[in-house]
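Structure first, then comments.
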Ligand code: XLS
Ligand code: NI
Ligand code: NI
């Protein structure tokens, strides 16, 4: 059978931190034990089908540039089969454990809805076989509810109930496909769920529609016995000016307001957090402290550009800050680190996909090692604990147990007077953090 990546024959070796070979890992050793788990189990890397195998490199100023021999074939289904073969060859040679897809990445849309369903079914069958042959697993599936012109005004938030229904039918099939393939999660990214102008938009109604959609998804999962985790992926803008799932805080508020809290966790994407004006670790922490950090789209933006550039992360310090949050909550469970990332338009060679993923995997592996060491030493943790120590005793303890009132505190202040100011030591802590990176 034709190989799509003949340059790689024996997988990607581990070369160690001193290696200068771009086709060797410097930090990622799947079997190395870090704390209580292997690196592979900590990181659960996943390749994103849409960028890595279906991405073309097109931008608003020009056609696709990517050389992707598998995206050819006499028929759309022939092309889909070639792509699937290339995907498993790539994942196996790279040594990643998981992949993710949208329904339409895997199978082409047909002339009719039922033809689309048949296409998906056929591709799922083939994917199942390849999963069995290789041991590569599905981290999550999702439905593309944003590319087709019918979704120009949104899917679940569309003003037309006909479009809502189409989206529901599509998700029903994508969820069944995910279940069939043993997918551990199902992701809802809000595609075009947002608005451009309030002159034509009833925002309250649209959000109610979205909540109905999620409730139907929860019901259907129960009905078919899908045990995967439901994840919502926040993003503040692009494609619509104002996306409803703006950031982790907004999504959590929405889940609480519409009685969906128990059914969803979040899939936090680095580049989406930064587009929302937050750091990656801010949104990770916000999700995690609410028990809602389910999975991660591991990528990076460009601080000079205001859109979702979906680049591979190459900054081990940012990865370390992210992995600190993941380690503190005891891992990602069913989730993983999905490379929702693509090479730049000028990196059109299939081999660029290897360079890109290897550097992304190394960045997070190095981040994991750094975060683990920081946690082992406990210096930063102890500093934070100490900073709040006044709430563990005396009046602070009474405040937190509900025994203090404004009146008792006023009386106490009359006696104690002015507090002693304590430095936050930010620069000292930054310097300690840096010494680990
Ligand atoms: C787009 C999103 C998308 C989701 C999956 O910005 O990141 O790729 O991860 O629909
Ligand atoms: Ni994403
Ligand atoms: Ni994105």
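Of everything in region 186-205 that's within 20 Å of residue 272 (Cβ to Cβ) and more than 16 Å from ligand 3 (Cβ to nearest atom), which residue is surrounded by the most Cβ atoms within 10 Å (Cβ to Cβ)?
186
For residue 190, are the conditions met, namely being within 16 Å of ligand 2 (Cβ to nearest atom), farther than 19 Å from residue 253 by Cα and touching a residue at least 24 places away in the same chain (Cβ under 8 Å)?
no
Restricting attention to region 327-363, and to residues there that are within 16 Å of ligand 2 (Cβ to nearest atom) and farther than 22 Å from residue 25 by Cα, which single residue is surrounded by the most Cβ atoms within 10 Å (Cβ to Cβ)?
The qualifying residue surrounded by the most Cβ atoms within 10 Å (Cβ to Cβ) is 335.
Here is a yes/no grid of residues against (1) away from ligand 1 (no atom under 16 Å from the Cβ); (2) surrounded by fewer than 20 Cβ atoms within 10 Å (Cβ to Cβ):
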site	(1), (2)
175	no, no
215	yes, yes
234	no, no
242	no, yes
257	yes, yes
262	yes, yes
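Under 7 Å by Cβ, and 6 or more places apart or on different chains, what pairs join a residue from region 397-420 that is modelled with pLDDT of 95 or more with one that is surrounded by 11 or more Cβ atoms within 10 Å (Cβ to Cβ) and not in a helix (DSSP H, G or I)?
If the second residue must be surrounded by 11 or more Cβ atoms within 10 Å (Cβ to Cβ) and not in a helix (DSSP H, G or I), the pairs left are 398/404.
Taking region 278-316 as the search range and keeping residues that are assigned to a strand (DSSP E or B) and within 14 Å of ligand 1 (Cβ to nearest atom), which one is surrounded by the fewest Cβ atoms within 10 Å (Cβ to Cβ)?
Checked region 278-316; the qualifying residue surrounded by the fewest Cβ atoms within 10 Å (Cβ to Cβ) is 311.
All but one of (1) away from ligand 3 (no atom under 16 Å from the Cβ); (2) assigned to a loop (DSSP other than H, G, I, E, B); (3) in contact (Cβ under 8 Å) with a residue 60 or more places away in the chain hold for residue 341, so report the exception by its number.
Exception for residue 341: condition (1).
Out of 315, 308, 381, report the one residue that is farther than 23 Å from residue 68 by Cβ and under 24 Å from the mean Cα position of the chain (by Cα).
Exactly one residue qualifies, and that residue is 315.
From 327, 231, grab the single residue that is at pLDDT 95 or above and out of contact with any strand residue (DSSP E or B) (no Cβ under 7 Å at 6 or more places or on another chain).
After applying the criteria, what remains is 327.
With the requirement that a residue be surrounded by 18 or more Cβ atoms within 10 Å (Cβ to Cβ) and either out of contact with any helix residue (DSSP H, G or I) (no Cβ under 7 Å at 6 or more places or on another chain) or without any contact (Cβ under 8 Å) to a residue 24 or more places away in the chain (or both), what does region 244-253 give you? Write out each step before concluding.
Applying the first criterion (surrounded by 18 or more Cβ atoms within 10 Å (Cβ to Cβ)) to region 244-253 yields 244-248, 251-252.
246, 251, 252, listed by residue number.
The values are calculated or read from the model by the stated rules, or taken from the named source; none is laboratory data. Keep in mind that this is a model prediction, so the values were computed, not measured. Positions of Cβ are generated from backbone atoms using ideal geometry, with glycine treated the same way; all protein chains shown enter the neighbour counts.
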